[in-house]
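A.B. asks: Structure in structure tokens, see below.
The values are calculated or read from the model by the stated rules, or taken from the named source; none is laboratory data. As the structure is a computational prediction, the values presented were derived from the model and not from experiment. So basically every Cβ, Gly included, is an ideal-geometry build from the backbone, and we count neighbours across all protein chains shown. These accessible areas exclude ligands, DNA and RNA; they are computed on the full protein's heavy atoms, side chains included. Shrake-Rupley method; radii C 1.70, N 1.55, O 1.52, S 1.80 Å.
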Amino acid sequence: MGQVHVSNHPLMLHKLTLLRDKDTNSRQFRELMREIAMLLTYEATADLPLTPVDIETPLAAMQGRQLQGNIGLVPILRAGLGLVEGVWELMPSAEVWHIGLFRDEQTLRPVEYYNKLPIQPTVDLCLVLDPMLATGGSAIATVDILKRWGAHSIKFVGVIAAPEGIENFSKAHPDVPIYVGVIDDHLNENAYIVPGLGDAGDRQFGTA
Ligand code: PRP
Ligand code: URA
């Protein structure tokens, strides 16, 4: 199995509780997603390479450090969009490349409908963003697309995962680390995460 990082940070657990609550409205839901994305970014970027840079403070010359390489955010439409703003708060120069997938309700397999990646990769690290890792099919398909594109360094960043999704994704892409807020109990007969939060896209966009 690949690397799986599960946040146990008290702020994450507090915000996740608010996010899951069925009485949380779309506006609050989007704000919580933005805040949770910042917490996830902090954890998912802990090992990013740095390069030395010479600067002068008002008092002295010193060697500081800055992030090395280009970072690409790859939100899986629709629900992954809700994580972009929070990541951008911390890394405002990150490029954003959208991948459109929806899960067919009968087969539960991902169906691709949007992909405008340029011919050559433009980034050194891709952060795939999707709040829900249920069967793992959508995340696996997205990483398949990114690897065919030529991306070498990829991380998956999500909010709630099912054990089934973690297992399937890790088998398909053992080289891609997973960063999630929490791993829930199981998938129900419709492949929804239980207890989960319901449909992440509908709750964000008010389309339930
Ligand atoms: C949700 C979610 C993931 C996918 C997870 O998207 O945002 O992309 O389901 O399920 P999986 O791990 O079993 O593939 P959905 O297909 O509902 O589309 P939406 O974001 O446009 O609502
Ligand atoms: N997609 C969602 O939005 N929620 C789930 O629980 C599973 C897939």
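A.B. asks: All but one of (1) of a type outside the set (A, V, I, L, M, F, W, C); (2) near ligand 2 (Cβ under 10 Å from one of its atoms); (3) in contact with a Leu (Cβ under 6 Å, 6 or more places away or on another chain); (4) over 14 Å from residue 130 (Cα atoms) hold for residue 184; which doesn't?
C.D. replies: With respect to (1) of a type outside the set (A, V, I, L, M, F, W, C); (2) near ligand 2 (Cβ under 10 Å from one of its atoms); (3) in contact with a Leu (Cβ under 6 Å, 6 or more places away or on another chain); (4) over 14 Å from residue 130 (Cα atoms), residue 184 is out only on (3).
A.B. asks: In segment 1-20, what count of residues is obtained for those that are at pLDDT 95 or above and under 15 Å from residue 184 (Cβ atoms)?
C.D. replies: 9
A.B. asks: Also, I was wondering about something else. Does residue 119 satisfy the condition of being assigned to a helix (DSSP H, G or I), of a type in the set (Val, Ile, Thr) and either over 12 Å from the mean Cα position of the chain (by Cα) or within 11 Å of ligand 1 (Cβ to nearest atom) (or both)? Working first, answer last.
C.D. replies: Working: assigned to a helix (DSSP H, G or I): no; of a type in the set (Val, Ile, Thr): yes; either over 12 Å from the mean Cα position of the chain (by Cα) or within 11 Å of ligand 1 (Cβ to nearest atom) (or both): yes.
Answer is no for this residue.
A.B. asks: Sticking with this structure for a sec: Do you know which of the residues in segment 145-157 that are touching a helix residue (DSSP H, G or I) at 6+ places or on another chain (Cβ under 8 Å) and without any contact (Cβ under 8 Å) to a residue 60 or more places away in the chain is nearest to ligand 1 (Cβ to nearest atom)?
C.D. replies: So in segment 145-157, the residues touching a helix residue (DSSP H, G or I) at 6+ places or on another chain (Cβ under 8 Å) come out as 154-157.
Adding the requirement that they be without any contact (Cβ under 8 Å) to a residue 60 or more places away in the chain leaves 154, 156.
Working: 154: 16, 156: 11 Å.
The extreme case among them is 156.
A.B. asks: Can you tell me which of 195, 177 is away from ligand 1 (no atom under 13 Å from the Cβ), open to solvent by 30 Å² or more (accessible area, probe 1.4 Å), under 24 Å from residue 4 (Cβ atoms) and touching a residue at least 60 places away in the same chain (Cβ under 8 Å)? Can you show your working first?
C.D. replies: Numbers: 177 fails: open to solvent by 30 Å² or more (accessible area, probe 1.4 Å).
Answer to the selection: 195.
A.B. asks: Assigned to a helix (DSSP H, G or I) and under 18 Å from residue 74 (Cα atoms): does that describe residue 170? Walk me through it before giving the result.
C.D. replies: Values: assigned to a helix (DSSP H, G or I): yes; under 18 Å from residue 74 (Cα atoms): no.
So residue 170 fails the test.
A.B. asks: Related question: Can you name the residue in segment 120-165 that is small (Gly, Ala, Ser) and surrounded by fewer than 20 Cβ atoms within 10 Å (Cβ to Cβ) and is also farthest from residue 15 (Cα to Cα) among such residues?
C.D. replies: Taking segment 120-165 and keeping what is small (Gly, Ala, Ser), we get 134, 136-139, 141, 150-151, 153, 158, 161-162, 165.
Narrowing further to those that are surrounded by fewer than 20 Cβ atoms within 10 Å (Cβ to Cβ): 141, 150, 153.
Working: 141: 29, 150: 36, 153: 29 Å.
It comes out as 150.
A.B. asks: Something else about it: From 115, 168, which residue is within 14 Å of ligand 2 (Cβ to nearest atom), open to solvent by 30 Å² or more (accessible area, probe 1.4 Å) and more than 22 Å from residue 36 (Cα to Cα)?
C.D. replies: Criteria check complete, one pass: 168.
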